[in-house]
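Contents: one structure, followed by commentary.
The values are calculated or read from the model by the stated rules, or taken from the named source; none is laboratory data. No experiment lies behind these values; they were computed from the predicted model shown. With ideal geometry, Cβ positions are generated from the backbone for all residues, glycine too; neighbour counts draw on all protein chains shown. Please note that ligands, DNA and RNA were not included when accessible areas were found on the heavy atoms of the full protein model with its side chains. Shrake-Rupley method; radii C 1.70, N 1.55, O 1.52, S 1.80 Å.
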Amino acid sequence: MNLDLDQHRQLEALYTEYAQLLDDGPLTQWPELFTEKSLYLVIPRDNYDKGLPLAIMRCESRGMLEDRIRAVQETIMHEPRYLRHQITNISGHLGDTGLISAVANYSVFEVVEGELPKILSVGRYIDLVDPHVDGSPRFVEKRVVYDSVLVPNTIVYPL
Amino acid sequence: MATQDSFERLTWPDGGITEIPYQIYTDPKIFDREMSRIFCADGWSYVGLEVEIPDPGDYIVTRIGNRSVIITRDEQGNIRGFANRCAHRGVKLCRQRTGNNRFFVCPYHQWSYDARGQLRGVPFINGVQKLGGMPEDFNRQDHNLPPLAISTRGGVIFASFEENPERFADYLGETNLNYFDRVFDGRELSLLGYSRQLIPGNWKLMFENIKDPYHASLLHVFLVTFGLFRADQKSQVRMDETGRHGLLISRKGEQKATESTRDISNLREDFALNDPRLLDPVKEFADDATVVMQTIWPNLIIQQQSNTLALRQIQPRHPGAFELHWTFFGYANDGEEMTLRRLRQANLMSSAGLVSADDSEVIKLAQDGIDAYRDDKGVILMGGRGVEDEEHMVTEVAIRAFYSHYRRIMEL
Ligand SMILES: [Fe+2]
């Protein structure tokens with residue numbers, strides 16, 4: 001079933017908040033956009049197309065998302081950098097289970113301090129969203145499938 | 001001409017293998033010599049896994065050094081390799097990374113080659129309506145693609161530009177062969193997937209990094225925090241006779257502060273995982289080593305960190321950059337839990353690895369530093385001046401051994 005205008009607006013708001021938290025923080029609140037038992041995968045497109053399971057980030061719960069964020073902030077040695085998510089072509093479809101299957105295009109610009117901006121990653125989100133978790137939509141599953149399989153150096157923050 | 005001059009001017013510093021001139025990370029002429037003497041030479045380069053090309057006609061396109069090659073399986077089931085460029089005008093024959101083909105057909109003039117790289121078809125070879133065509137003395141056999149020598153062991157494929165290279169087992173040497181066989185023990189492999197990155201640094205910095213246990217217990221706060229690698233664990237550094245291959249072998253410790261962690265400024269002793277499934281290693285090899293990092297000259301790193309198994313292939317692009325292609329695998333008889341464990345632990349090691357990100361970043365910083373100071377030199381003195389095997393991790397011996405071989409091959 002197609003989403004009505006209100007449902008679509010709520011879905012868009014979820015993506016807007018998602019981008020804002022990753023780009024401007026606080027990063028520690030980003031996992032709150034996911035359900036407790038959510039699945040978050042960042043998968044190179046060639047693996048996805050061939051059905052190979054390897055993801056470069058694999059979080060099988062909100063707890064694992066929190067662990068990833070803590071590592072980014074406290075243990076990974078990396079140059080200071082800023083990300084800007086552009087999320088477009090959002091579309092959703094309400095399934096019989098009451099969950100929304102959503103897809104969107106994304107691109108992420110990265111600015112490493114003192115360097116020219118670059119496109120860090122280009123791809124699509126293939127998501128499953130629960131529209132009513134304490135009144136707000138939350139990600140149950142999120143697959144970040146990136147076309148840009150040759151990663152410029154390294155991905156530090158979630159996409 | 002400036003680069004020609006600078007190359008001819010290179011004299012290795014007096015410190016020998018304890019001093020590395022930064023010019024070898026920046027000079028295009030040195031890079032060219034590396035491509036011809038190290039990669040497109042008599043060594044065995046990793047090119048793929050047998051499980052990637054199970055059926056006749058299956059192929060993968062990869063690189064040895066900066067040269068594109070096709071690895072395929074012929075109708076008899078034999079693995080073949082040859083240059084990925086048409087004998088006619090040099091056009092890249094195959095642009096896909098993988099696929100299945102009976103013939104490789106050049107898009108430009110449709111010259112076609114079989115699975116052995118032999119030229120089988122040349123359109124208009126006899127002309128059209130008696131006009132044109134190849135000269136009388138044109139022989140298809142003179143235009144086959146240069147074949148690669150192929151050697152497989154335990155499901156892993158190696159290739160060489162040399163017609164009759166040293167036997168692979170001799171090439172590795174006894175110790176390195178034993179550790180190779182420890183992972184590739186004849187069990188059927190299962191392919192879990194790929195990860196690729198373009199690292200803005202010289203390719204040798206990647207080998208130095210994996211041959212350097214000194215940094216592992218200092219830079220990698222995540223590893224040390226969770227006791228996965230620590231300077232006070234029982235460990236070994238092993239080389240082959242030439243110094244070109246290397247092994248770092250270590251064991252897991254506890255999550256606690258000790259003398260060995262005192263110098264780590266940002267150890268996170270209080271970092272408890274919200275979801276401990278991220279690090280839930282189980283013993284799977286007969287010995288008690290939990291980390292074995294093997295470097296095989298000239299282009300391969302074999303990684304066993306707890307239960308993540310991966311091959312990292314180094315593809316140099318130019319003096320200041322290389323591609324790193326990761327292939328993650330397990331065994332065909334892994335249960336679902338084991339596969340999940342490998343996939344979870346892969347969070348530590350990939351183009352977004354909680355641990356390997358440190359290395360990618362530090363290699364970029366190394367190249368940034370070196371680029372502007374190319375007449376200077378680096379120092380490799382930790383653990384002394386020797387190139388012998390060691391029983392601890394506070395050493396750069398494997399880097400020294402690597403450069404002793406490098407200097408012989410490069411005549412530098
Ligand atoms: Fe490292």
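Which sequence of B:287, B:232, B:358 reflects their accessible areas, 1.4 Å probe, from the largest down?
B:232, B:287, B:358
P(r) of the stretch A:79-132 in 5 Å steps, Cα pairs, percent per bin?
Whole-percent P(r) values from 0 Å outward: 5, 19, 20, 15, 12, 11, 8, 6, 3, 1.
With the cut-off at 1.5 for a/c, could you classify chain A from its C-alpha gyration tensor as rounded, prolate or oblate?
Prolate is the answer for chain A, as a/c is 1.5 or above and a/b outweighs b/c.
Using only Cα atoms, locate the centre of the stretch A:45-70 and the centre of the stretch B:271-318, then give the distance between them in Å, rounded to an integer.
A separation of 17 Å, based on Cα centres.
Excluding residues fewer than 8 places away in the same chain, name every one of the lysines whose C-alpha is closer than 30 Å to that of residue B:234.
B:204, B:211, B:252, B:256, B:283
Please enumerate, by chain and number, the lysines with C-alpha under 16 Å from the C-alpha of residue A:118, excluding those fewer than 8 residues away in the same chain.
Partners found: B:364.
Let me have the 222 nm mean residue ellipticity of chain A computed from DSSP H runs of 4+ only, each contributing -39500 (n - 2.57), with the sum over all residues rounded to the nearest 500.
Helices in chain A give a 222 nm mean residue ellipticity of -8000 deg cm²/dmol.
First check a/c for the stretch B:174-410, with a ≥ b ≥ c the square roots of the eigenvalues of its C-alpha gyration tensor; if it is under 1.5, answer rounded, and if not, answer prolate when a/b is larger than b/c or oblate otherwise. Spell out each step's value before the answer.
On the way: a/c = 1.39, a/b = 1.24, b/c = 1.12.
It comes out rounded by the Cα gyration axes.
Summarise the accessible area of the stretch A:1-112 (1.4 Å probe, protein heavy atoms) by the percent that is carbon and sulfur.
49 percent
Take the alpha carbon gyration tensor of the stretch B:173-243, find the square roots of its eigenvalues, order them as a ≥ b ≥ c, and report rounded if a/c is under 1.5; if not, report prolate when a/b exceeds b/c, else oblate.
Numbers: a/c = 1.34, a/b = 1.18, b/c = 1.14.
It is rounded, given that a/c, with a ≥ b ≥ c, falls under 1.5.
Taking the Cα-to-Cβ direction at residue B:142 and at residue A:17 and moving 7 Å from each Cα, how far apart do the two end points lie in nm?
7.4 nm
Show that you can apply the helix-only estimate: for chain B, add -39,500 (n - 2.57) for every DSSP H stretch of four or more residues, divide by all residues, and state [θ] at 222 nm to the nearest 500.
About -6000 deg cm²/dmol.
Compute the separation of the alpha-carbon centres of the stretch B:333-374 and the stretch B:159-199 and state it in Å as a whole number.
For the stretch B:333-374 versus the stretch B:159-199, the Cα centre distance is 20 Å.
From the protein chains alone at 1.4 Å, what is the descending order of accessible area for B:105, B:91, B:122, largest first? All intermediate terms of the calculation are to be shown ahead of the outcome.
Working: B:105 70, B:91 40, B:122 15 Å².
In descending accessible area the options line up as B:105, B:91, B:122.
What are the aspartates and glutamates whose alpha-carbon lies under 17 Å from the alpha-carbon of residue A:50, with same-chain residues fewer than 8 places away excluded?
Once the sequence-local aspartates and glutamates are set aside, what remains near residue A:50 is A:147, B:50, B:52, B:55, B:58.
For residue B:19, what residues show an amide H to amide H distance below 5 Å, using hydrogens built from the backbone and excluding near sequence neighbours?
B:380
Percentage of Cα-Cα pair distances in the protein assembly as shown greater than 36 Å, rounded to whole percent? Don't skip to the answer; put the middle values down first.
Values: 64670 of 162735 pairs.
So the portion of pairs separated by more than 36 Å is 40 percent.
Find the centroid of the Cα atoms in the stretch B:20-40 and in the stretch A:111-159, then give the distance between the two in whole Å.
A separation of 37 Å, based on Cα centres.
Rounded to the nearest 10 Å², what accessible area does residue A:77 show when all protein chains are kept and the probe is 1.4 Å?
Approximately 50 Å² of residue A:77 is accessible to the 1.4 Å probe.
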